[in-house]
Amino acid sequence: MSEDSLLDHALVRLDEAAAHLSIDPDVIEKLKFARETTKARLMIRMDDGSRKSFLAWRCRYDDTRGPTKGGIRFHPESTADEVETLAFWMTFKCAVMNLPYGGGKGAVQVDPRKLSKAELERLSRAYIQAFARIIGPDRDIPAPDVYTNSMIMGWMSDEYAQIVGRAEPAVITGKPIALGGSLGRGDATARGGYYLVCHLAEDLGLSKTMRVAIQGFGNAGQHIASLLAADGHKIVAVSDSEGAVYSPAGLHVDLLLDAKAKGQSVTATAGQGGHDVISSERLVGVDCDLLVPAALENMIHERNAASVKAKLVLELANGPVTPEADKILAANGTVILPDILANAGGVTVSYFEWVQNKQGYYWTVEDIHSRLRTIMEREGRAIWDVSREKGTTVRTAAYVHALSRLAEAIEAHGTQSFFTS
Ligand code: GLU
């Protein structure tokens, strides 16, 4: 990657979309900067009595369409630039789905796999102590992201309740069910992507038995594997941070899920059921119909994009394909269902959780699924139509779709509200 920041790369997509709309340049200018990014140093006690400190951030990128919304990531390579970029993507993702939210994101620069459970709990509570004045059920609403989960959200929501002196479940989504979490939040990211693929299957000319490669086998990767395998598709390759396994006849998803449940890598299944180990780099170029990046950003780039054989890419990760790789894939006729649409099922069910918390009335899982399906199909279809009409990639169409909603809201507020002179 060049010396440009990750945010500079992300803003390329904003300019591409703006070229298709006639929008006040002030609106575009407003969307090029995060509204506020707060940095903190979290100091926690380790189990051996020593103290350690970790850098942490919370970014509220844009709140024009409502309170800022977005997850908190625990990752050793997180940076302020990454947090702002992820918050920019959340701004567009919430607008794509027409959720009444702006975009936000948070991170702690830490490898959570090196912490004990008690240390992880102290770190999660320290995050809320540092950012309690920034977050709030009508201000900024965190959720899980890479290497965070419902257990962490439970600790965080408990810490917030202690600070404000009352239960405030709508401050965080992705909570355990026992603390006001929503049914159906666990697999929502993958399920949203799955509904989208099913809905567009005919337009995309997809076969009933696709060969699928999945990069990343965390929450999104595991659930998409189960959903697609249940429909008779063949999962031929899967990777995680330690390596990859491949079987042209189809991997046994239950073996992979068992390994993960035991805290092992997918590579621990090697030798069973015809699973062969391959390098993680090879996964991207494996012979398949559908490639699902479900790990981190920038995994498909200038140097490996030409090796992609899949004709469809479903971006369950945020920002997995660089702008340079986008061009290579488009030239090769590969369609990308972009992150801000494809993985928006997660934040959509977070929205359902927030609504349920505010109402104190809880829905059935069937209700959650059918509401999610309706929204994925409605926004997916609208974006697909924009891409056909304007002759653009689906990504550009998704940005156009979101940008017109953002522009409408920014203009409705009055452009003088953000410029001082
Ligand atoms: N971290 C997820 C995302 O990137 C979910 C965010 C949320 O639920 O607020 O979309």
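Could you pull the accessible area for M43 with a 1.4 Å probe, rounded to 10 Å²?
120
Please give the Cα centre distance for segment 186-203 versus segment 342-413, rounded to the nearest Å.
Cα centres, segment 186-203 to segment 342-413: 13 Å.
Longer than 28 Å from Cα to Cα, which of K117/K175; K30/K390; K52/K105; K32/K358; K69/K208 are they? Say none if no pair is.
Pairs exceeding 28 Å: K32/K358; K69/K208.
Roll a 1.4 Å probe over the protein heavy atoms and report the accessible area of F74 in Å², nearest 10.
Its accessible surface works out to 0 Å², give or take rounding.
Can you give the calculated 222 nm mean residue ellipticity of the chain, where each DSSP H run of n ≥ 4 adds -39,500 (n - 2.57) and the sum is split over every residue, rounded to the nearest 500 deg cm²/dmol?
-13500 deg cm²/dmol
Under a crude label model (7 Å from the Cα following the beta-carbon direction), how far is E411 from D276 in nanometres?
So the two model labels end up 5.7 nm from each other.
How much length is gained if the chain between Y361 and E377 is pulled fully straight, taking 0.36 nm per residue apart and subtracting their Cα-Cα distance, in nm to one decimal?
Computed gain between Y361 and E377 is 3.2 nm.
Show me the trypsin sites (Lys or Arg not before Pro) within segment 149-258 that DSSP assigns to loop and that have at most 16 other Cβ atoms within 10 Å of their Cβ.
Within segment 149-258, the qualifying trypsin sites (Lys or Arg not before Pro) (loop, at most 16 other Cβ atoms within 10 Å) are R166, K208.
List the trypsin sites (Lys or Arg not before Pro) within segment 1-76 that DSSP assigns to loop and that have no more than 16 neighbouring Cβ atoms inside 10 Å.
K32
Which of the listed residues, G186, V12, V313, is farthest toward the dipole's positive end in the chain, when Lys, Arg count +1 and Asp, Glu count -1 at the beta-carbon?
G186
Accessible area of segment 188-231 with a 1.4 Å probe: how many percent of it is carbon plus sulfur?
The computed percentage sits at 48.
Return P(r) of segment 180-260 (all Cα-Cα pairs; 5 Å bins starting at 0; whole %; ordered from short to long distances).
Using 5 Å bins, I get a P(r) of 3, 14, 25, 25, 17, 10, 4, 1, 0 for segment 180-260.
Measure off 7 Å from each Cα along the Cα-to-Cβ vector at S404 and R41, then give the distance between these two points in nanometres to one decimal.
Between S404 and R41, the simple spin-label model gives 4.9 nm.
How big is the shadow of the Cα convex hull of segment 308-414, averaged over all directions, in nm²?
Averaged projected area of segment 308-414's Cα convex hull equals 8.8 nm².
Could you state the accessible area per residue of the chain in Å², with a 1.4 Å probe and every protein chain left in place?
Counting only protein heavy atoms, the per-residue value for the chain is 40 Å².
Above 36 Å lies some portion of the pair distances; for the chain, what is it as a whole percent of all C-alpha pairs?
22
Expressed as a whole percentage, what fraction of the accessible surface of segment 312-421 belongs to carbon and sulfur atoms when a 1.4 Å probe is rolled over the protein heavy atoms?
51
Which of the aspartates and glutamates could a cross-linker bridge to K262, judged by Cα under 18 Å and excluding same-chain residues fewer than eight apart?
D240, E242, D254
Provide the gained length on full extension for the span D81 to R303, in nm with one decimal, where the gain is 0.36 nm per separating residue minus the Cα-Cα distance.
Taking 0.36 nm per residue and subtracting the Cα distance, the gain is 77.6 nm.
The values are calculated or read from the model by the stated rules, or taken from the named source; none is laboratory data. Remember, predicted model here, so these are calculated numbers, not experimental data. Glycine also receives a Cβ, built like all others from the backbone with ideal geometry; neighbour counts cover every protein chain displayed. Just the protein is used for accessible areas: all its heavy atoms, side chains included, with ligands, DNA and RNA removed. Shrake-Rupley method; radii C 1.70, N 1.55, O 1.52, S 1.80 Å.
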